[in-house]
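Structure record follows, encoded as structure tokens.
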Amino acid sequence: MDRIEIETKFQSDDTGTISALAWPFATPDRVGDMIEKGAFAGVTLPIPMLFGHDQNDPIGVWEEAEEKADGLHLKGRLLVEDLPRAREVRALVQAGAVRGISIGFQTIKALPRKPRGRNISALNLMEASLVTLPMHPGARVTSAKDAVCALRYTAALQRATAQLAQR
């Protein structure tokens with residue numbers, strides 16, 4: 001009988017680190033607005049991380065913002081060490097119940113689009129919220145570091161190893 005050994009190592013933390021595609025370029029949101037590449041050029045960091053655009057529910061801070069070819073990417077952290085609400089939201093994100101990102105901004109320069117919406121070329125980004133249903137269908141959490149995810153992968157590998165051992 002052949003023996004297969006698989007060693008797994010995962011590096012993860014439970015610090016609340018989170019990454020997101022906050023606004024995809026080249027596609028409109030639910031009301032027809034499109035934000036052009038370059039519109040986020042003047043972002044002043046850090047910006048508040050809210051839950052559901054509720055100004056009374058800050059849960060973290062966005063510390064990095066980068067415009068890439070596909071859209072605005074944000075990286076930040078939920079304040080899980082300091083805020084019980086941030087721990088609750090982290091659990092919702094890790095479970096997949098909260099996957100969306102929605103931005104709050106003040107429009108500086110925009111032109112109307114047909115049949116509806118605007119082409120926004122300059123704005124002032126005020127906040128970015130974790131939400132269940134984002135205004136832009138493509139805005140989403142792309143990474144949330146956690147030990148739970150690592151444990152799921154480990155369990156899946158253990159099941160696969162057990163099935164291979166039965167053959």
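Apply the Karplus parameterisation 6.51 cos²θ - 1.76 cosθ + 1.60, with θ equal to phi minus 60°, to every residue of the stretch 104-110 and state each ³J(HN,Hα) to the nearest whole Hz, in sequence, with x for glycine and proline.
x, 8, 10, 6, 9, 9, 7
Express in nm, to one decimal, how much length is gained between residue 126 and residue 45 on full extension, taking 0.36 nm for each residue of separation and deducting their alpha carbon distance.
28.2 nm
Sort all Cα-Cα distances of the stretch 20-111 into consecutive 10 angstrom bins from zero, then give the percent of pairs in each bin up to the one containing the longest distance.
For the stretch 20-111, the pair-distance distribution reads 15, 46, 31, 8, 0.
Please list, ordered by chain and number, the residues whose modelled amide H lies under 5 Å from the amide H of residue 110; skip anything fewer than 5 residues away on the same chain.
121
What are the trypsin sites (Lys or Arg not before Pro) within the stretch 7-93 that DSSP puts in a loop, where the Cβ has at most 11 other Cβ atoms within 10 Å?
For trypsin sites (Lys or Arg not before Pro) across the stretch 7-93 that sit outside H, G, I, E and B with at most 11 neighbouring Cβ atoms in 10 Å, the list reads 9, 30.
Every number in this text was worked out from the coordinates using simple rules, so none of it is lab data. Bear in mind that the values here come from a model prediction, so they are computed numbers and not experimental data. Here the Cβ is made from the backbone with ideal geometry for all residues, glycine too, and neighbour counts use every protein chain on show.
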